[in-house]
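> One structure, as structure tokens, below. Some questions next.
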Amino acid sequence: MPPLPQNEAQVSLDNARLPIGVVRDVSGGTAIVVLDLDRLDQCLADADPSIAMSGQVGSQVKIKVGHTWLMGVVRTLRQATRDEQHGGVVAEVDFLGEGDTERLTGNIYAFRRGVTRYPMPGALAYVATRQDLRQIYASDGRANVGIGTVHPTRDIRAGLYIDSFLGKHFALLGSTGTGKSTSAALILHRICEAAPQGHIVMIDPHGEYCSAFRTRGVVLDVSNLQMPYWLMNFEEHCEVFLTASGPDRVVDADILARCLQQARSKNRLATSIGKITVDSPIPYLLSDLVNVLQNEMGKLDKGTGSIPYQRIRSKIEEVRADPRYQFMFSGMLVGDCMTDFLGQVFRLPAQGKPISIIDVSGVPSEITSTVVAVLSRLVFDFAVWARDEETRPILLVCEEAHRYVPNERNSDGSSVARVLSRIAKEGRKYGVSLGLITQRPSDLAEGVLSQCGTIIAMRLNNERDQAHVRAAMPEGARGFMDAIPALRNRECIVCGEGVSIPMRVSFDDLDVALRPASADPSFSTQWGKSGGEEEMLERTTQRWRAQSR
């Protein structure tokens, strides 16, 4: 930023030195400050944007306490009542932290979270200058990635501390159209740049991120995913192969467990391992499972009729014959390819492409949640069984997270919700990080959102969503939270473990080639074009009938 002219620099200096208000009341985490309207008018014309914003909701103020400065953020403003003699503006200020006073300039330095000394009523409040904000938001030396600039400045960088950001999980929340997908891509690109040998798995339900990470990662969809069906555990097998409900489902599950274990036992791997369970990821042939079912059905000592066996067998045959399921139930996936599959999905080794995008948009809707459950569980199980090895942390990012971990009202009892909930609660111990992206935080399981150490909140238009996020935010960030409905596109509030203190951030622009394919179509432009409709309809019909892209 170019130096200010002499007279403007003097004005900024005066505004920084003169108080803008007086502390009236103090409680554990907040203070009531009476602001001087005349001083706020003088600050409004200041060339320093942080001084010009003084006194507004979301702006920072500092309060002198002995030889330290106490920093706070304005949460609410109201006009003084007639009973209040001062006649000024009354502000509620949330405390952020404190710092020492620099002797020569009087500015703040060595900022830290928390409050050791509270101000007394009558203490003076001052504006927070750009220099103060630079000190507050300066990196403390930990590994970090820059994602944008701190509002309202244009040159103070906003960064995320990688270890704290990923180690304690994170959530990116924002209504549709606020730039959520582009912001998620920006954060992941910056992490990939900082850690080219990292391990990131992203569940992409709409195929948006394929174009954004084609050069920096590996894209896996139904054409090349080749996920072996035998990697499913018993619960996931039940979701795919069992159609009954109620008491019949219990009977069917008992039969499937018995037959599945016998089918797995036929593999030579099972004999070399010894005792195996129904959940052991041992390859087996679907034809073997069908034969075991047939044999069990023919036994005279079975406790049930043949209907449950026929029900399971017909479902298995249906899945084998359906071409939509070939990416998972192909006869080519019987070999022991577990090591290669895990290496491909988890990017082990990364070879400079640390992210794998799992595009599940082409997966049949009936088994989408099961596929996501298998992938998520593999991440967690791998981390658990690799504890004796050198830790290789894995980041699992889940777009449209409210689909997979819904709240109790929308819960369907699926295995994916249990897996992701377990990762949220226990993943940190095993080096598994969870990133949740959603536009409906109120539809997300409350326990999962509360486990996210860092919350990045973009504009939320729905009041229920706002209330849900506000409840998950730490107390000191409430002043920032009130600004959520008024955020512009590609702006956010970041608070939690990944940042020093809560901040309002304007995201950096992302190169067009690195953006996800999530832009809304332009009705006015597209509806003004004509030509080629017949050919387009023909091509679309062919893909539709073939159920293939």
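The values are calculated or read from the model by the stated rules, or taken from the named source; none is laboratory data. Everything quoted here is computed from the prediction, not taken from an experiment. No Cβ is skipped: glycine too gets one built from the backbone with ideal geometry, and neighbour counts run over all protein chains shown. For the accessible areas, the whole protein counts, side chains as well, though only heavy atoms, and no ligand, DNA or RNA atoms are used. Shrake-Rupley method; radii C 1.70, N 1.55, O 1.52, S 1.80 Å.
> Filter segment 296-315 for residues that are among the hydroxyl-bearing types (Ser, Thr, Tyr) and modelled with pLDDT of 90 or more; which is farthest from ASP254 (Cα to Cα)? Break it down into steps so the answer makes sense when it comes.
Looking only at segment 296-315, we keep the residues that are among the hydroxyl-bearing types (Ser, Thr, Tyr), and these are 304, 306, 309, 314.
Adding the requirement that they be modelled with pLDDT of 90 or more leaves 309, 314.
Working: TYR309: 11, SER314: 17 Å.
It comes out as SER314.
> Can you pull out every residue in segment 204-232 that is within 22 Å of GLY331 (Cα to Cα) and open to solvent by 20 Å² or more (accessible area, probe 1.4 Å)?
Here is the first cut: in segment 204-232, the ones within 22 Å of GLY331 (Cα to Cα) are 220-232.
Listed by number, the residues that qualify are ASP221, VAL222, SER223, ASN224, GLN226.
> Being out of contact with any Phe, Trp or Tyr (no Cβ under 8 Å at 6 or more places or on another chain), of a type in the set (A, V, I, L, M) and not in a loop (DSSP other than H, G, I, E, B) narrows it down to one residue among VAL93, VAL73, VAL61, VAL57; which is it?
Working: VAL73 fails: out of contact with any Phe, Trp or Tyr (no Cβ under 8 Å at 6 or more places or on another chain); VAL61 fails: out of contact with any Phe, Trp or Tyr (no Cβ under 8 Å at 6 or more places or on another chain); VAL57 fails: not in a loop (DSSP other than H, G, I, E, B).
VAL93 is the lone residue from the list that is out of contact with any Phe, Trp or Tyr (no Cβ under 8 Å at 6 or more places or on another chain), of a type in the set (A, V, I, L, M) and not in a loop (DSSP other than H, G, I, E, B).
> Criterion first (free of Cβ contacts under 8 Å to residues at least 12 places away in the same chain and out of contact with any Asp or Glu (no Cβ under 9 Å at 6 or more places or on another chain)) does SER314 satisfy it?
Against the criterion (free of Cβ contacts under 8 Å to residues at least 12 places away in the same chain and out of contact with any Asp or Glu (no Cβ under 9 Å at 6 or more places or on another chain)), SER314 qualifies.
> May I pose another question? Name the one entry in LEU285, LEU269, LEU293 that is under 21 Å from SER330 (Cβ atoms) and touching a helix residue (DSSP H, G or I) at 6+ places or on another chain (Cβ under 6 Å).
Details: LEU285 fails: touching a helix residue (DSSP H, G or I) at 6+ places or on another chain (Cβ under 6 Å); LEU269 fails: touching a helix residue (DSSP H, G or I) at 6+ places or on another chain (Cβ under 6 Å).
From the options LEU285, LEU269, LEU293, the qualifying one is LEU293.
> If a residue must be closer than 17 Å to VAL23 by Cβ and part of a loop (DSSP other than H, G, I, E, B), how many such residues does segment 117-151 contain?
Total meeting the criteria: 8.
> Mind checking whether some residue in segment 217-227 is part of a helix (DSSP H, G or I) and either touching a residue at least 60 places away in the same chain (Cβ under 8 Å) or closer than 22 Å to MET338 by Cβ (or both)? If you could, list the steps in order and put the result at the bottom.
So in segment 217-227, the residues part of a helix (DSSP H, G or I) come out as none.
No, because not a single residue in segment 217-227 is part of a helix (DSSP H, G or I) and either touching a residue at least 60 places away in the same chain (Cβ under 8 Å) or closer than 22 Å to MET338 by Cβ (or both).
> Go through segment 404-433 and give me each residue that's without any contact (Cβ under 8 Å) to a residue 60 or more places away in the chain and of a type in the set (S, T, N, Q).
If the condition is that a residue be without any contact (Cβ under 8 Å) to a residue 60 or more places away in the chain and of a type in the set (S, T, N, Q), then ASN407, ASN410, SER411, SER421 are the ones that fit.
> Right, another one. Return the only residue of LEU160, LEU166, LEU96, LEU77 being modelled with pLDDT of 85 or more, more than 30 Å from ALA194 (Cβ to Cβ) and surrounded by 13 or more Cβ atoms within 10 Å (Cβ to Cβ). Spell out how you get there, then give the answer.
On the way: LEU160 fails: more than 30 Å from ALA194 (Cβ to Cβ); LEU166 fails: more than 30 Å from ALA194 (Cβ to Cβ); LEU96 fails: more than 30 Å from ALA194 (Cβ to Cβ).
Of LEU160, LEU166, LEU96, LEU77, the one residue that is modelled with pLDDT of 85 or more, more than 30 Å from ALA194 (Cβ to Cβ) and surrounded by 13 or more Cβ atoms within 10 Å (Cβ to Cβ) is LEU77.
> Being assigned to a helix (DSSP H, G or I), touching a strand residue (DSSP E or B) at 6+ places or on another chain (Cβ under 8 Å) and of a type outside the set (Val, Ile, Thr) is the filter here; which residues of segment 427-452 pass it? Give the derivation first.
Of the residues in segment 427-452, the ones assigned to a helix (DSSP H, G or I) are 427-430, 441-443, 446-450.
So of that shortlist, the ones also touching a strand residue (DSSP E or B) at 6+ places or on another chain (Cβ under 8 Å) come out as 427, 441, 443, 448-449.
Selection gives GLY427, PRO441, ASP443, LEU449.
> When you look at ILE203, is it of a type in the set (A, V, I, L, M) and at pLDDT 95 or above, yes or no?
Working: of a type in the set (A, V, I, L, M): yes; at pLDDT 95 or above: yes.
Yes, satisfied.
> If you scan segment 139-157, which residues turn out to be of a type in the set (A, V, I, L, M) and open to solvent by 20 Å² or more (accessible area, probe 1.4 Å)? Give the steps one after another, and end with the answer.
Applying the first criterion (of a type in the set (A, V, I, L, M)) to segment 139-157 yields 143, 145, 147, 150, 156.
ALA143, the sole residue that qualifies.
> For segment 390-424, which positions are of a type in the set (Ser, Thr, Tyr) and open to solvent by 40 Å² or more (accessible area, probe 1.4 Å)?
Taking segment 390-424 as the starting set, the residues that turn out to be of a type in the set (Ser, Thr, Tyr) are 391, 404, 411, 414-415, 421.
Listed by number, the residues that qualify are THR391, SER411.
> Another one. Which of the residues that make up segment 507-537 are open to solvent by 100 Å² or more (accessible area, probe 1.4 Å) and in contact (Cβ under 8 Å) with a residue 40 or more places away in the chain?
The answer is ASP520, and nothing else.
> Answer with yes or no whether LYS180 is of a type in the set (Lys, Arg), surrounded by fewer than 23 Cβ atoms within 10 Å (Cβ to Cβ) and within 16 Å of the chain's Cα centre (by Cα).
Working: of a type in the set (Lys, Arg): yes; surrounded by fewer than 23 Cβ atoms within 10 Å (Cβ to Cβ): no; within 16 Å of the chain's Cα centre (by Cα): yes.
Criteria not met by LYS180.
> Among the helices (runs of 4 or more DSSP H) lying completely within segment 316-389, list those that include at least 2 residues that are open to solvent by less than 10 Å² (accessible area, probe 1.4 Å), closer than 16 Å to VAL219 by Cβ and at pLDDT below 90.
Values: elements: 326-329, 338-346, 368-385.
Output list is empty.
> Look through segment 1-56, keep the residues that are open to solvent by less than 30 Å² (accessible area, probe 1.4 Å), within 14 Å of GLY88 (Cα to Cα) and not charged (D, E, K, R), and return whichever of them is modelled with the lowest pLDDT.
GLY55
> Being among the charged types (D, E, K, R), in contact (Cβ under 8 Å) with a residue 12 or more places away in the chain and assigned to a loop (DSSP other than H, G, I, E, B) is true for just one of ARG459, ARG504. Which residue is that?
Details: ARG504 fails: assigned to a loop (DSSP other than H, G, I, E, B).
Unique residue meeting the criteria: ARG459.
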